[in-house]
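Single-structure report; data block below.
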Amino acid sequence: REKIFPKLRDANNKISAFLKKETKAGFIDIYPAMLDASGNPSRELFLDDMLHMKPAGYAIWKTRILPYLVR
C-alpha cells in the first residue's frame, strides 16, 4: 500500500477540490491524523497487514467525523 500513497494523496486532493464546489457536501481529511511523526501511516493504528485498523484508528475516525454527523 505504501507504493500508492502518492496516488491516494492526489485522489484526496481532487475529491476535496470537487466537493468545495458542492453546496451540500464536504470533505473530512482523515489522512494527516493517521500518520506518525515521520509522515508514515502510524503502525499503532493498524493491524500487521497495515490495511485493517485497530480500535485506536477507528477512534480517530469517530473523533473527526462525529461532529459533522450531529450538525
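Nearest 10 degrees, 0 to 90: what angle lies between the long axis of helix 55-69 and the longest principal axis of the chain (Cα atoms)?
On a 0 to 90 degree scale, this one is about 10.
Viscosity 1.567 mPa s, temperature 4 °C: what is the translational diffusion coefficient of the chain from Stokes-Einstein with a Kirkwood Rh over Cα pairs, rounded to a whole number of µm²/s? Don't skip to the end; give the middle numbers.
Working: Rh = 13.5 Å.
It diffuses with D of about 96 µm²/s by this estimate.
Of the options Phe46, Leu35, Ala25, report the single residue whose Cα projects farthest towards the positive end of the charge dipole of region 1-47 (beta-carbon charges: Lys, Arg +1; Asp, Glu -1).
The residue sitting most towards the positive pole is Ala25.
What accessible area per residue, rounded to a whole number of Å², is obtained for region 9-71 using a probe radius of 1.4 Å?
Dividing the accessible area of region 9-71 by its residue count gives 80 Å².
Taking the Cα centre of the chain as origin and charging only Cβ (+1 Lys, Arg; -1 Asp, Glu), how large is the dipole, in debye to the nearest 20?
Charge dipole of the chain: 380 debye, to the nearest 20.
Length gain on complete extension for the stretch Lys54 to Val70, per 0.36 nm per residue less the alpha carbon to alpha carbon distance?
Answer, rounded to one decimal: 3.3 nm.
Quick one: angle between helix 5-20 and the longest Cα principal axis of the chain, in degrees between 0 and 90, rounded to 10, please.
Taking Cα atoms only, the helix is inclined about 20 degrees.
Please report, as a whole percent, how much of the solvent-accessible surface of the chain comes from carbon and sulfur atoms (probe radius 1.4 Å).
Carbon plus sulfur share of accessible area: 58 percent.
Here are some pairs, Lys3/Lys54; Lys21/Lys54; Lys14/Lys54; which of them have Cα atoms lying more than 24 Å apart in this structure?
Lys21/Lys54; Lys14/Lys54
The values are calculated or read from the model by the stated rules, or taken from the named source; none is laboratory data. Here the structure is a predicted model, which is why all the values come from computation and not from measurement. Reconstructed Cβ throughout: ideal geometry from the backbone, glycine too, with neighbour counts over all protein chains shown. Please note that ligands, DNA and RNA were not included when accessible areas were found on the heavy atoms of the full protein model with its side chains. Shrake-Rupley method; radii C 1.70, N 1.55, O 1.52, S 1.80 Å.
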